Amino acid sequence: FGSLAAKVHRNPSFSTLNSDDISYFKEILGEKGVIEDEDWLATANTDWMHKYKGSSKLLLQPRSTEEVSQILKYCNSRCLAVVPQGGNTGLVGGSVPVFDEVIVNMSLMNNIISFDKVSGILVCEGGCILENLIAFLDNQGFIMPLDLGAKGSCQIGGNISTNAGGLRLVRYGSLHGNVLGLEVVLADGNVIDMLGTLRKDNTGYDLKHLFIGSEGSLGIVTKVSILTPPKLFSVNVAFLACCDYFSCQKLLMEAKRKLGEILSAFEFLDSKSLDLQVLNHLDGVRNPLPPTMHKFYILIETTGSDETYDRQKLEGFLLHAMEAGLISDGALAQDINQASSFWRIREGIPEALMKAGAVYKYDLSLPVEKMYDLVEEMRTRLSDSANVVGYGHLGDGNLHLNISTAQYDDGILTQIEPFVYEWTSKHRGSISAEHGLGLMKANEIFYSKPTATVSLMASVKKMLDPKGILNPYKVLPHSLSS
Ligand code: FAD
């Protein structure tokens with residue numbers, strides 16, 4: 001982080017916290033909502049990867065939209081910078097302060113407001129943990145349209161602010177489609193009620209989309225209305241091996257064609273991603289396939305409403321793929337425990353990488369046929385100095401290129417960047433498929449967006465947050481954001 005901090009300077013127009021500020025916050029939130037405890041702050045100042053570290057002296061925990069509004073109104077008038085924080089599972093240094101920004105932690109705004117069983121529309125507060133929403137909906141016979149490895153900690157407000165993709169996007173689409181409404185608080189404390197629960201509403205600009213994926217830089221998401229699909233009971237999971245990347249691509253094309261409407265996930269990992277988990281003794285992870293040299297693994301999930309039909313469909317597809325030489329081995333989960341253990345292999349990769357030491361994470365959208373070339377080129381480039389792994393949401397053309405080393409090293413970083421961004425740009429990809437830009441990639445935005453688009457983004461930011469107090473140094477290039 002040292003080298004990143006060196007590139008960013010604290011915006012001198014921001015005020016420094018004083019005792020009057022603390023007294024005011026205690027007045028509106030009570031003693032309990034104003035956290036100055038050092039241990040608590042140390043955790044909140046540090047991101048999930050332990051890569052980004054701020055030095056905030058204050059964390060606030062509002063319980064209502066009104067309290068969020070009062071906090072922001074005050075911070076705006078005093079020019080105090082603010083970082084909205086959800087579950088702090090973000091992977092681009094967006095959820096922690098860079099300097100001494102006030103942390104607005106949303107975890108106490110965790111109420112479910114309503115659920116309509118006919119339409120499947122859930123309305124809840126922004127601080128609800130994704131896994132709790134999944135459990136709530138499960139009891140109602142519904143599911144969340146998104147699922148990700150960080151579900152036990154991440155919050156729906158954080159998911160929306162990062163436009164999280166995750167494991168089911170291939171089936172249910174992005175949050176731009178599933179989120180029906182939002183309530184947000186702007187930097188000046190104004191509450192904007194866009195909390196519609198209608199599937200169709202073409203009355204003017206659909207402003208909620210500005211806040212989906214804006215990483216807390218335009219407003220704080222306090223309430224959410226989201227469309228949830230019914231839970232279907234026939235779920236099958238297969239863990240397959242492919243001997244080359246071309247077979248993975250062909251398998252994807254075939255899966256879309258042959259499994260059609262029941263395909264609900266298509267994830268891939270290379271053998272190095274699996275080795276890393278086994279090597280690091282990740283709880284519950286073992287390769288279900290005999291230890292032959294397979295180069296790639298694919299996890300396919302189907303979800304439907306007819307057990308016999310779905311199973312036959314999947315088995316027929318697997319037989320066809322085996323005969324065509326697209327898969328070299330495979331296992332079909334026989335029960336829910338085995339299905340979970342297959343998922344654990346895919347979801348355990350970020351944790352295994354953390355156990356292995358330092359990790360440079362790149363979350364890229366690329367044309368599927370080109371995707372793995374980047375992993376191989378990076379391996380050649382770094383030779384023995386790092387462990388390069390590739391995995392991700394193949395069904396969405398989303399590669400997670402992760403480079404693991406014993407510790408962070410500026411020498412390695414200069415070998416990776418800007419090469420990785422230039423390569424992505426050359427292939428007309430995106431340097432952030434789903435994690436956002438945060439602090440890590442704010443200055444790299446031009447690799448994916450034309451100058452005129454970035455200028456328009458900066459104008460929108462200026463209009464909604466003229467003093468730039470909301471999540472400064474993130475998303476927009478530093479030259480345009482202060
Ligand atoms: P935080 O990390 O707290 O914040 C993320 C950003 O959103 C910050 O900029 C923050 O300021 C802002 N923010 C948070 N809450 C609010 C709010 N209420 N209002 C306004 N701004 C807010 N991401 C994917 O997209 N797909 C994956 O498959 C995926 N898998 C992951 C697996 C693991 C193991 C881990 C650790 C992370 C993974 N992520 C994934 C990244 C991360 O979980 C997501 O970005 C998630 O949506 C972040 O939610 P959060 O509540 O933790 O937000």
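Summary table
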{"item": "Folded to 0 to 90 degrees: helix 130-140 orientation relative to the chain principal axis, Cα", "result": "70"}
{"item": "Overall Cα dimensions of the chain - principal axes, largest extent first, Å", "result": "72, 57, 43"}
{"item": "Burial ranking of peptide ranges 198-210, 154-166 (average Cβ count within 10 Å, highest at the top)", "result": "154-166, 198-210"}
{"item": "Stokes-Einstein D (µm²/s) once Rh is taken as the Kirkwood radius of the stretch 29-83 over alpha-carbon pairs, at 20 °C in 1.002 mPa s", "result": "173"}
{"item": "DSSP-defined beta bridges in the chain - what % are antiparallel, rounded to 5", "result": "90"}
{"item": "Rounded to whole Å, sorted largest first: equivalent-ellipsoid semi-axes of the stretch 229-374, Cα gyration tensor", "result": "25, 18, 15"}
{"item": "Accessible area per residue in Å² at 1.4 Å probe, computed on the chain", "result": "42"}
{"item": "Candidate lysines - alpha carbon under 17 Å from residue 467, same-chain residues fewer than 8 apart omitted", "result": "73"}
{"item": "Label-point separation in nm, residue 257 to residue 38, each point 7 Å along Cα→Cβ", "result": "6.5"}
{"item": "Calculated FRET efficiency for the pair residue 422/residue 50, C-beta based, R₀ 25 Å, to 0.05", "result": "0.35"}
{"item": "Under 22 Å from the Cα of residue 355 - lysines, other chains or at least 8 residues apart", "result": "51, 53, 151, 272"}
{"item": "Stokes-Einstein D (µm²/s) once Rh is taken as the Kirkwood radius of the stretch 112-227 over alpha-carbon pairs, at 25 °C in 0.890 mPa s", "result": "173"}
{"item": "Portion, in percent, of the accessible area of the chain that falls on carbon or sulfur, probe 1.4 Å", "result": "52"}
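The values are calculated or read from the model by the stated rules, or taken from the named source; none is laboratory data. Since the structure is predicted, the reported quantities are computational estimates derived from the model, not experimental observations. Cβ: placed from backbone, ideal geometry, glycine included. Neighbour counts: every protein chain shown. Ligands, DNA and RNA are stripped out before the accessible areas are found, and what is left, the full protein with its side chains, is counted by its heavy atoms. Shrake-Rupley method; radii C 1.70, N 1.55, O 1.52, S 1.80 Å.
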